[in-house]
Amino acid sequence: QVQLVESGGGLVQAGGSLRLSCAASANIFSSSTMGWYRQAPGKQRDLVATITSRGYTNYADSVKGRFTISRDGAKNTVYLQMNSLQPEDTAVYYCRADNGWRGAYWGQGTQVTVSS
């Protein structure tokens, strides 16, 4: 019943920008902490940014000042604006919805590749 659909990934040159979108099921979006995570080949899946249902944000140190997470309640969508992209940002980016005891869900992932 819960769906998370990511979009916006692609290939970009170093210094460029991308905006990722994740459209979530309406029945869980408003009560969930939404997050973006990323995983490079052979690496752990790491937190990039989260935003709570009240709008409080948290960022990994590696992306502070460059990435911005936001949410649009009318569209049931969470965004990740990524600026000043570097090759080290290359990874599959995953959307996550954490609805507490009700459950947590992952999107399918979207590839971001940054060339030097």
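The values are calculated or read from the model by the stated rules, or taken from the named source; none is laboratory data. Because the structure is a prediction, the values reported are computed rather than measured. Cβ sites come from the backbone with ideal geometry, for glycine too, and all protein chains shown count toward neighbours. Surface accessibility is based on the protein's heavy atoms, side chains included, excluding ligands, DNA and RNA. Shrake-Rupley method; radii C 1.70, N 1.55, O 1.52, S 1.80 Å.
So here's what we get for this one:
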| quantity | calculated |
| --- | --- |
| Verdict on Asn99 being crowded, with 16+ Cβ neighbours inside 10 Å, in contact (Cβ under 8 Å) with a residue 60 or more places away in the chain and not hydrophobic (A, V, I, L, M, F, W, C) | yes |
| Within the range 66-116, tally of residues that are within 19 Å of Ser7 (Cβ to Cβ) and assigned to a strand (DSSP E or B) | 26 |
| The range 17-48, residues that are surrounded by 13 or more Cβ atoms within 10 Å (Cβ to Cβ), in a strand (DSSP E or B) and out of contact with any Leu (no Cβ under 6 Å at 6 or more places or on another chain) | Leu18, Arg19, Ser21, Ala23, Thr33, Met34, Gly35, Arg38, Gln39, Leu47, Val48 |
| Residue list for the range 49-65, restricted to those being part of a strand (DSSP E or B), hydroxyl-bearing (Ser, Thr, Tyr) and loosely packed, with under 15 Cβ neighbours inside 10 Å | Thr57 |
| Within the range 85-116, tally of residues that are under 16 Å from Ala49 (Cα atoms) and hydroxyl-bearing (Ser, Thr, Tyr) | 5 |
| Verdict on Gln1 being open to solvent by 40 Å² or more (accessible area, probe 1.4 Å) and closer than 24 Å to Arg66 by Cβ | no |
